[in-house]
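To start, the structure under review is shown below, and the notes come after it.
The values are calculated or read from the model by the stated rules, or taken from the named source; none is laboratory data. Just so you know, these numbers come straight off a predicted model, no measurement behind them. When we count neighbours, we look across all protein chains shown, and the Cβ atoms used for this are built from the backbone with ideal geometry, even at glycine. Just the protein is used for accessible areas: all its heavy atoms, side chains included, with ligands, DNA and RNA removed. Shrake-Rupley method; radii C 1.70, N 1.55, O 1.52, S 1.80 Å.
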Amino acid sequence: MATTDFIAAIELSSSKISGIAGKKNSDGSIQVLAYAREDASSFIHKGVIYNIDKTAQALASITNKLENQLNNSIAKVYVGIGGQSLRTVKNAVSRTLDEEGIISQELVDSICDENLEVPLADMSVLDVAPQEYKIDNTLQADPVGVAGQHITGQFLNIVARASLKKNLEHSFEQAKVEIADLLIAPIALANAVLTENEMRSGCALVDFGADTTTISVYKNNILRYLSVLPLGGNTITRDITSLQMEEQDAEKLKLQYGNALYEEEEEEESETPAVCALEDGRAIELATLNNIIGARSEEILANVWNQLQLSGYEDKLFSGVVFTGGGANLKNIEEAFRKQSKIEKVKTMRFVHDTVHGFSDVLTKDGMQNTLLGLLAAGNENCCLQEVKPAQPAGNPASTPADMFGNDEALKEQEAAARAAKAQREKEEKERREKERKEREKKEKEKKKKGPSWFEKTFNKISNEIFSDDDMK
């Protein structure tokens, strides 16, 4: 059965392109109706599209797979935008009135427009995170209607290289897939995994991706800082390949034996060191493997802590730090960050807050699909292609009568009974007419067999005598 009401979203990450379609239930849960993915490691690096043709092919493939599962066409999709060049830039715009007055909406709009005109070399503003306005010496979230003489709008512009958005739009255009809205992927993720209390009291969200690590800082329910590091889980995997193995085998070792805080106490008590066996028959000491993993993990976590310090909110994160993403599954990564940063409140969110139904085999609780689910939750428009029926010309009514009964089963049963009764009456009337016709034919045949009546014989005799041939001569 075709699905006619759904939201579709696509996430472009460094390792894969994922597509999802689903709907929001009345109880707040999400019903996933379709899911598809394509490998993107050969044409997307650190979230940046390098091959538009291959990206367009992958997008078309994902859209077709989703449509086959939905048994319907997709008109548009929500798209998450991220990548290495994504970051925030602070800006302030001030105005001084001739005398104290009421701040108007027109003045605020003018300040916002001036903020967008800030010159950025090879960068473009993707979105503006709403901040406070400083009126005289007071901070206001909504300045309209407040009395004052001096106003300063404080803005946090989310920027990225101009080519990031341009290549993304070109890829979707070439794939003939319409974009419903470009969503900032880290913001959609934060709304999906962080609570309102965490955002209000102060929280940092760290998303460990394949080739990038994204840091988002929230305070008073406002995004305060956003930065993307060019380091991720695949960086650790590539380091492990120095042990003379393929990346696929290195990834398996990392997931099975990796430890950000490997302790060699047990090895000291035993004469033989702990080892892990490879498929080619070789054996690698766990200490050797985890020295590589630990060194790179320490570097990534040190950069995360440095970004939190650069944000200026490292001592205002009363709700601590939240880890998510596939890289957050590395054993003891939380404890390693505690030692690195001296922040005690560290936890990992491996799934979104919303209850999700369907596709539990691929939407596993490992943090790898949280951004995709966040994009789905952020969508609010029906993405199904609605067929437009051609208008009927005047004086030419539609050949098929409209269904006046809709989905009312009782009325449909009454309609069927009425049609059956009418058909029965027509059948009985036809049988009656046929019976009368046969009776008339039968009487005529009997009449011919008996011959003419006495009156007919007498009349014929007199007629012959009067109008005989001799008399007519």
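What are the residues in the range 17-48 that are open to solvent by 10 Å² or more (accessible area, probe 1.4 Å) and within 14 Å of ASP211 (Cβ to Cβ), if any?
Within the range 17-48, ASP39, SER41, SER42, PHE43, HIS45, LYS46, GLY47, VAL48 meet the criteria.
Quick one: LYS166 ticks every box in (1) touching a residue at least 24 places away in the same chain (Cβ under 8 Å); (2) under 25 Å from the mean Cα position of the chain (by Cα); (3) not in a strand (DSSP E or B) except a single one, so which number is it?
Evaluating LYS166 over (1) touching a residue at least 24 places away in the same chain (Cβ under 8 Å); (2) under 25 Å from the mean Cα position of the chain (by Cα); (3) not in a strand (DSSP E or B) leaves (1) as the failure.
Counting just the residues of the range 35-57 that are in contact (Cβ under 8 Å) with a residue 60 or more places away in the chain and of a type in the set (A, V, I, L, M), which one comes out farthest from PRO230 (Cα to Cα)?
ALA56
Could you tell me whether the range 280-296 includes any residue that is acidic (Asp, Glu) and farther than 25 Å from VAL89 by Cα?
Yes; the residues of the range 280-296 include at least one that is acidic (Asp, Glu) and farther than 25 Å from VAL89 by Cα.
Show the residue pairs that are 6+ apart or on different chains and have beta-carbon atoms under 9 Å apart, the first residue being within the range 278-292 and on the phi < 0 side of the Ramachandran plot and part of a helix (DSSP H, G or I), the second being surrounded by 15 or more Cβ atoms within 10 Å (Cβ to Cβ) and among the charged types (D, E, K, R).
LEU286/GLU267; ALA287/GLU267; LEU289/LYS254; ILE292/ASP239
On the given criteria, is ILE187 touching a Leu at 6+ places or on another chain (Cβ under 9 Å), modelled with pLDDT of 90 or more, on the phi < 0 side of the Ramachandran plot and outside any strand (DSSP E or B)?
Taking the combined requirement at face value, the residue satisfies it.
Of all residues being part of a strand (DSSP E or B) and open to solvent by less than 40 Å² (accessible area, probe 1.4 Å) in the range 79-88, which is nearest to ASN157 (Cα to Cα)? Just the residue, please.
The extreme case among them is THR88.
Which ones in the range 54-78 are in contact with a helix residue (DSSP H, G or I) (Cβ under 7 Å, 6 or more places away or on another chain) and either in a helix (DSSP H, G or I) or closer than 13 Å to TYR35 by Cβ (or both)?
THR55, ALA56, LEU59
Select from the range 174-205 the residues that are of a type in the set (D, E, K, R) and touching a residue at least 24 places away in the same chain (Cβ under 8 Å) and write down the one among them that is farthest from ARG224 (Cα to Cα).
Residue satisfying both the conditions and the ranking: LYS176.
Give the range 271-325 a look and list any residue that's among the β-branched types (Val, Ile, Thr) and either under 20 Å from LEU253 (Cβ atoms) or open to solvent by 60 Å² or more (accessible area, probe 1.4 Å) (or both), or say none.
The answer is THR272, VAL275, ILE284, THR288, ILE292, ILE293, ILE300.
Testing VAL118 on (1) in a strand (DSSP E or B); (2) more than 30 Å from LYS176 (Cβ to Cβ), one condition comes back false. Which one is that?
Status for VAL118: all satisfied but (1).
Can you work out which of the residues in the range 364-381 that are assigned to a loop (DSSP other than H, G, I, E, B) and touching a helix residue (DSSP H, G or I) at 6+ places or on another chain (Cβ under 7 Å) is farthest from ASP207 (Cα to Cα)?
Looking at residues that are assigned to a loop (DSSP other than H, G, I, E, B) and touching a helix residue (DSSP H, G or I) at 6+ places or on another chain (Cβ under 7 Å), I get ASP366.
All but one of (1) under 30 Å from ASN167 (Cα atoms); (2) modelled with pLDDT of 95 or more hold for THR195; which doesn't?
That leaves (1) as the condition not met.
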